[in-house]
Amino acid sequence: MTTGFVHLVGAGPGDPGLLTVRGRDCLRAAEVVIYDYLANPLLLEEAPADAERIYVGKSRGHHHRPQEEINALLVEQALSGKRVVRLKGGDPFIFGRGGEEAQVLRQHNIPFEIVPGVTAGHAAAAYAGIPLTHRDYTTSLSMVTGHLDASKDLDHIDWAHLGAGSGTLVFYMGVANLARIAAELISHGRPASTPVALVRWATLPSQETLVGTLADIAAQVVQNGFKPPAVIIVGEVVRLRNELRWFDNRPLFGKRILITRSLDQAADFAARLRELGAEPLLCPTIAIAPLHDYAELDAAIADLADTDYLILTSVNAVDAFFARLADCGKDARALAGVTLVTVGPKTAAALAQFGLCPDLMPTDYRAEGVVALLRDKVAGKKILYPKAALARDLIVLELTAAGANLCAPAAYGSAPPAGAASALHTALADGVDLLTFTASSTVRNFIDLLRTDDLPLATAIPVASIGPLTSETARQAGLDVAIEPEESTIEAMIEAMIAFFSKM
Ligand code: SAH
């Protein structure tokens, strides 16, 4: 059997965006991923679905797997011919025992590569707004372990050297020993007034920063119940945080915001929330589902030769219509004489995938825009408008009133996606600051998916609703609608969310 290969990959400090491109490529090709407590589990989604994932971090009893066991596991997996990614928090060669793991691989003649990662100290400084070096404050930087296992480590630290200069010091694993670290630095020459910052869970929406001086930081840690994992940054550069703070003062920083809309519609919303510092929790309560009965749509497709207009107002409608067209044994040529109308650029792009361009597209990308565009053209014309089952509809009402002969069959249905109930339960158990609903259907499905004993949790969380109809459904379900924008758009809803949290 051929020997496998081990990629020792730095996962970065937490924010999945801080993984290197090389690290991502390794994960995508992995057959086995062996990962730690400090490596963000979201990164595992990069690995193929059938790759084996082995967790070697803290177990429930807060017990680390002994390093010997991890080494043995690495060797065993690699010798069985596997492509192994050993994913380690931060950088593998900075206080990560990556050096020891690589030595063991070398002893067994197992080929390996080392992919560096953004180490916690660098990341914490960047995300706290503290430049580790600055010409006006310091010319050097030391990275130091604050680990006191068997107490010998700390005694090996050259306190005289660290205390003497004015260089920036970054301690890893030092929170438990902070009182001793501060005392050693003061007694070896650092002024007691030297500023110190502790940064916990750096780069994540749960990042917390505590600032003090060598004199008072240990007491502050006790007072605030500040817990690891955190890095400790010591030096005059810490003062620059007042000027350079940029991450943990974002308007929605740290807010855990539940998104109930369908996954395909959630991406832009989630990305915008992330930019504002929030942690979007994707719990789609709705997904596109096939219909039980296509008779009405099939009849309309059989009648395309006599159809004047085809209106498509969503990417889902485009996809569902063309899928059914194919099922009926036809293709885009069946639309030869039909005027194609899309609601906006996204539906036009979806249409382009079938080699077609829209003939008409409103400037206002909403149902209102479609109505305004067609109202004067369609008296006596036959219009096909495939849409979502059960969708309430302005286009049907208004164009029928304008004298059109409207055929509006359902082209697709919707249902809660698999796993929705357990995702929701987990999110609520971990804590949610805001629920968001962008349609009445998402509210109804949310309530249906909720475990009975979670209902009191859900009704205690403020709700952001996109508009009056959705709010009404939410209130009837007993939810607490705290946010409803004047204009029913995601952007306006986000603005209203910012205003809401700024008042808290
Ligand atoms: N190899 C890792 C360090 C592992 S040692 C790296 O390069 O970052 C573990 C220590 O790293 C923790 O005790 C803590 O001091 C620090 N650490 C790791 N991730 C962190 C994070 N997201 N925020 C703050 N400190 C972190």
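The values are calculated or read from the model by the stated rules, or taken from the named source; none is laboratory data. Just so it is clear, the model here is predicted, and its values are computed rather than measured. Here Cβ is always computed from backbone atoms with ideal geometry, including for glycine, and neighbour counts include all displayed protein chains. To get the accessible areas, we keep the full protein, side chains included, count just its heavy atoms, and leave off ligands, DNA and RNA. Shrake-Rupley method; radii C 1.70, N 1.55, O 1.52, S 1.80 Å.
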**OP:** Run Val84 past the list (1) open to solvent by 20 Å² or more (accessible area, probe 1.4 Å); (2) in contact with a Gly (Cβ under 7 Å, 6 or more places away or on another chain) and report the number of the one that doesn't hold.
**Re:** (1)
**OP:** Write out, first by first residue and then by second, each pair whose Cβ atoms fall under 8 Å of each other, whose residues are 6+ apart or on separate chains, and whose first residue, in the range 99-118, is under 17 Å from Gly10 (Cα atoms) while the second is among the acidic types (Asp, Glu).
**Re:** Pro116/Asp91; Gly117/Asp91; Val118/Asp91
**OP:** From Gly12, Gly4, Gly89, grab the single residue that is away from the ligand (no atom under 16 Å from the Cβ) and either touching a residue at least 40 places away in the same chain (Cβ under 8 Å) or in the same structural domain as Ala230 (by TED's automatic domain parsing) (or both).
**Re:** Gly4
Original post:
Applying the selection to the range 113-144, what residues are open to solvent by 30 Å² or more (accessible area, probe 1.4 Å) and either under 16 Å from Asp36 (Cα atoms) or of a type in the set (A, V, I, L, M) (or both)?
Top reply: Ile114, Pro116, Val118, Ala120, Ala126, Leu141, Met143
Original post:
Somewhere in the range 65-86, is a residue in contact (Cβ under 8 Å) with a residue 40 or more places away in the chain, within 13 Å of the ligand (Cβ to nearest atom) and closer than 24 Å to His122 by Cβ?
Top reply: yes
Original post:
Is it the case that the range 258-276 has a residue that's open to solvent by less than 30 Å² (accessible area, probe 1.4 Å) and among the polar types (S, T, N, Q)?
Top reply: yes
Subject >> Out of Phe501, Phe446, sole residue that is open to solvent by less than 40 Å² (accessible area, probe 1.4 Å), among the aromatic types (Phe, Trp, Tyr) and over 27 Å from Ala389 (Cα atoms) >> reply: Phe501
Original post:
Inside the range 383-425, can you point out the residues that are part of a helix (DSSP H, G or I) and in contact with a strand residue (DSSP E or B) (Cβ under 9 Å, 6 or more places away or on another chain)?
Top reply: Ile395, Val396, Leu399, Thr400, Ala420, Ala423, Leu424
Original post:
In the range 174-227, what residues are farther than 22 Å from Arg245 by Cβ and near the ligand (Cβ under 10 Å from one of its atoms)?
Top reply: Gly174, Ala176
**OP:** Filter the range 98-112 down to the residues that are in contact with a helix residue (DSSP H, G or I) (Cβ under 8 Å, 6 or more places away or on another chain) and closer than 21 Å to Leu44 by Cα, then identify the one that is surrounded by the most Cβ atoms within 10 Å (Cβ to Cβ).
**Re:** Glu101
Subject >> Options Ala266, Ala300: the member that is free of Cβ contacts under 8 Å to residues at least 24 places away in the same chain, over 30 Å from Val211 (Cβ atoms), touching a Pro at 6+ places or on another chain (Cβ under 8 Å) and away from the ligand (no atom under 16 Å from the Cβ) >> reply: Ala266
**OP:** Grab the strands (runs of 3 or more DSSP E) fully contained in the range 136-217, keeping just those with 1 or more residues being of a type in the set (D, E, K, R).
**Re:** 195-200, 208-213
**OP:** Residue by residue through the range 466-492, note down the ones that are in a loop (DSSP other than H, G, I, E, B), more than 16 Å from Ser440 (Cβ to Cβ) and among the acidic types (Asp, Glu).
**Re:** Glu486, Glu487
Original post:
Only one residue in Ala388, Ala410, Ala401 is surrounded by fewer than 17 Cβ atoms within 10 Å (Cβ to Cβ) and of a type in the set (Gly, Ala, Ser). Which one?
Top reply: Ala401
